[in-house]
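Structure first, then comments.
The values are calculated or read from the model by the stated rules, or taken from the named source; none is laboratory data. Here the structure is a predicted model, which is why all the values come from computation and not from measurement. No Cβ is skipped: glycine too gets one built from the backbone with ideal geometry, and neighbour counts run over all protein chains shown.
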Amino acid sequence: MLADSHCHLNYKGLVEDQQAVLERARARGVTAMLNISTRESEWDDIVATAEREPDVWATIGIHPNEADTYPDVDAAKLIERARHPRVVGLGESGLDYFRDTSDRARQQASFRAHIAASRETGLPIVVHTRDAEDDTAAIMAEEMEKGAYAGVIHCFTASGAFADKALDLGLYISISGIVTFKNARDLQETAARLPIDRLLIETDAPFLAPVPHRGKTGEPGFVADTAAFLADLRGENVEELSRRTAENFHALFAKTRASGAVAA
């Protein structure tokens, strides 16, 4: 029982042979996959995949690098599209000061709109943050004071201090295949101490394939390799870690329990 909490099944590298990709994931024990959107232009295709596949769900959102392209995607539009039964989360949204392809003020406004939609709908927000720890933490804390919302820091690579801030706000943290890389010592130290009840795992496929697949196109099935590495890192049983992180996935994205098959 494994859940890939973040993948892009409609991206180049996976969409061309999507059915085979899904079958390979299922063969490795993956019982749930969250298909993440980054642009409004792809929402329909991403939702259609979730409609077709009982173990795939969808999010609606705008990546921070796309914030300038979709300035009209506000909380109201997100709330409207999130009514679909297969849409179980919002995002990915957040701040990306590494690429800086969108105006930072526009990124921040978009991030706050996603949080407002999360608060209104009760659906968790999938948070992307890169080279923007301070502003991300500040916005999340400010918005939490306005009213509670749920969420996950996806593909966590930030500092241990940022992890603690996110945990204090009640958010989950998702670990990707980056944790298996030899140069990821700081991330490994943080991942080793995260509380099991706030831990998710992901592939971010088709990106970030873990060891022993590094350099290849990532697939949801590779979440099994990240789970095995993480269990060893934490001194835990891999079956137990897989089960607990899958349970955490369905607890956070609670709409999955009512919108299709959930494997026992």
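So, ALA132, is that one under 16 Å from GLN108 (Cβ atoms), hydrophobic (A, V, I, L, M, F, W, C) and surrounded by fewer than 17 Cβ atoms within 10 Å (Cβ to Cβ) or not?
no
Mind listing just one residue for me: the one in region 49-72 that is touching a strand residue (DSSP E or B) at 6+ places or on another chain (Cβ under 9 Å) and β-branched (Val, Ile, Thr) and, of those, farthest from HIS154 (Cα to Cα)?
Here the answer is THR49.
Looking for something more than 19 Å from LEU34 (Cβ to Cβ) and at pLDDT 95 or above - is there at least one such residue anywhere in region 220-230?
yes
What number of residues within region 84-106 satisfy the criterion of being under 17 Å from THR38 (Cβ atoms) and either buried (at least 21 other Cβ atoms within 10 Å of the Cβ) or of a type in the set (S, T, N, Q) (or both)?
So the count comes out to 12.
Being hydrophobic (A, V, I, L, M, F, W, C) and more than 30 Å from VAL238 (Cβ to Cβ) is the requirement here; does ALA105 meet it?
Taking the combined requirement at face value, the residue satisfies it.
How about region 69-88: which of its residues are over 17 Å from PRO124 (Cα atoms) and either without any contact (Cβ under 8 Å) to a residue 24 or more places away in the chain or in contact with an Asp or Glu (Cβ under 9 Å, 6 or more places away or on another chain) (or both)?
Those that are over 17 Å from PRO124 (Cα atoms) and either without any contact (Cβ under 8 Å) to a residue 24 or more places away in the chain or in contact with an Asp or Glu (Cβ under 9 Å, 6 or more places away or on another chain) (or both): THR69, TYR70, ASP72, VAL73.
Is there a residue being aliphatic (A, V, I, L, M) and on the phi > 0 side of the Ramachandran plot anywhere in region 202-209?
Yes, region 202-209 contains at least one residue that is aliphatic (A, V, I, L, M) and on the phi > 0 side of the Ramachandran plot.
Criterion first (modelled with pLDDT of 95 or more, touching a Leu at 6+ places or on another chain (Cβ under 9 Å) and not basic (Lys, Arg)) does ALA209 satisfy it?
Here the answer is no, as ALA209 does not meet what is asked.
Checking GLU66 against (1) free of Cβ contacts under 8 Å to residues at least 24 places away in the same chain; (2) within 22 Å of ASP44 (Cβ to Cβ); (3) not hydrophobic (A, V, I, L, M, F, W, C): exactly one of these is not met. Which one?
Against the list (1) free of Cβ contacts under 8 Å to residues at least 24 places away in the same chain; (2) within 22 Å of ASP44 (Cβ to Cβ); (3) not hydrophobic (A, V, I, L, M, F, W, C), GLU66 comes up short only on (1).
Here's a check for you: in region 20-52, which residue that is among the charged types (D, E, K, R) and within 26 Å of GLN107 (Cβ to Cβ) is nearest to the chain's Cα centre (by Cα)?
Among them, the one singled out is ARG39.
So which residues in region 183-230 are of a type in the set (Val, Ile, Thr), within 18 Å of THR31 (Cα to Cα) and not in a loop (DSSP other than H, G, I, E, B), if there are any at all?
ILE201, VAL223, THR226
Does ALA48 count as at pLDDT 95 or above, more than 27 Å from ARG244 (Cα to Cα), among the small types (Gly, Ala, Ser) and surrounded by fewer than 24 Cβ atoms within 10 Å (Cβ to Cβ)?
Yes: the conditions hold for ALA48.
Mind listing whichever residues of region 159-182 are of a type in the set (A, V, I, L, M) and either touching a Leu at 6+ places or on another chain (Cβ under 7 Å) or assigned to a helix (DSSP H, G or I) (or both)?
Within region 159-182, ALA161, ALA163, ALA166, LEU167, ILE173, ILE175, ILE178, VAL179 qualify.
Going through ALA161, ALA109, ALA137 one at a time, which residue ends up being modelled with pLDDT of 95 or more, out of contact with any strand residue (DSSP E or B) (no Cβ under 8 Å at 6 or more places or on another chain) and either among the β-branched types (Val, Ile, Thr) or crowded, with 18+ Cβ neighbours inside 10 Å (or both)?
Going through ALA161, ALA109, ALA137 in turn, the sole match is ALA137.
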